[in-house]
1. Got a sec? Charge dipole of the chain, +1 on Cβ for Lys and Arg, -1 for Asp and Glu; which of M96, A249, Y143 is way out at the positive end?
2. Please list, in chain and number order, the residues 5+ apart from G136 or on another chain whose amide H is under 5 Å from its amide H, with Hs placed from the backbone.
3. Express the relative contact order of the chain as a whole percentage, based on alpha carbon pairs under 8 Å and six or more residues apart in sequence.
4. Given N residues in region 108-252, what is its alpha carbon radius of gyration divided by 2.2 N^0.38 Å?
5. Compute for the chain: radius of gyration divided by Kirkwood radius, i.e. Rg/Rh, restricted to C-alpha atoms, rounded to two decimals.
6. Hey, got the dipole for region 1-70? About the Cα centre, +1 on K and R Cβ, -1 on D and E Cβ, debye to the nearest 20?
7. How far is helix 71-84 tilted off the main Cα axis of the chain, in degrees rounded to 10, range 0 to 90?
8. In which sequence would D224, D240, D68 go, from the one with the fewest C-beta neighbours within 10 Å to the one with the most?
Amino acid sequence: MDKEKVGRFYDVVWTEYLPEYEETEKHWKIFFTSEEVAGRSVLDAGCGTGIFSIIFANQGAGRVTGIDISEGSLGTARGLKEKFGLDSAEFMKQDMLDLPFADASFDIVWAWGTVHHTTDPFQAIDQLIRVLKPGGALLLAVYTRTRLTFIHEIIRKTLVRTPRRSWTCLSKVMALFLAPVVFVFKKREKSRKGEKLEELILDWYFVPIRHYYRPEEIRKYLEDKGFSIEKFLPASGRFDSTSNFIFKARKV
């Protein structure tokens, strides 16, 4: 199944790479404060390494639940939990399309760059909305559709057919050649720093499922579901064509 392929892909990525804590925390602070999360229940949907779950817990969240379909990612996340000595965070294998939690279970739902790797992103969003309490905050980061998206997809669909054992090596070779291009032609600084270019290339070009949307599509969907938009970051990457756009929305 496609979702199992995604899980195996992140078994490679999130056991090989770990984002820098301090740089990731700076990015987190664009959207939340410790006062806002203190004592709150948080769902980190598609937690990967668990780095954001750990930040929420360290910032005073009362209960943090990180879910992912990748066993390798969850192993990394549990290792981080042990490293930081946190009791308020837990990690479990769950499918975002069929969450086991009751309606209105969480004060905050954080879905950084995850729904677009599911087989049905809008079903995933609906599940996240369902488990969020009225008045709760949803953070949603989604890949941007641009005029260059079709080129990315041609490259990605070619590279995902290569043997999995070659992915890390290929991404390092591609990073070597693309680094000068990024240095010379980048449009902006990346909002979330602390990630290696080879790690980003893996995520851009080797992931089995990747959907793209325009911000106005997601904005309308959230507003139609009764959300008010509190914060909008139109581009989080160095180039529009490799960026997430990010909404922080409040469930009215």
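We did not get these values from a lab; they are worked out from the coordinates using the rules stated. Note that this is a predicted model, so its numbers are computed, not measured. So basically every Cβ, Gly included, is an ideal-geometry build from the backbone, and we count neighbours across all protein chains shown.
1. After comparing all options, I get Y143.
2. Sorted by chain and number, the residues that satisfy this are K251.
3. That works out to 21 percent.
4. Here the answer is 1.12, to two decimals.
5. Reported Rg/Rh, Kirkwood definition of Rh: 0.94.
6. Dipole of region 1-70, to the nearest 20 debye: 220 debye.
7. 60
8. Working: D224 8, D240 16, D68 28.
Arranged by neighbour count, lowest to highest, D224, D240, D68 become D224, D240, D68.
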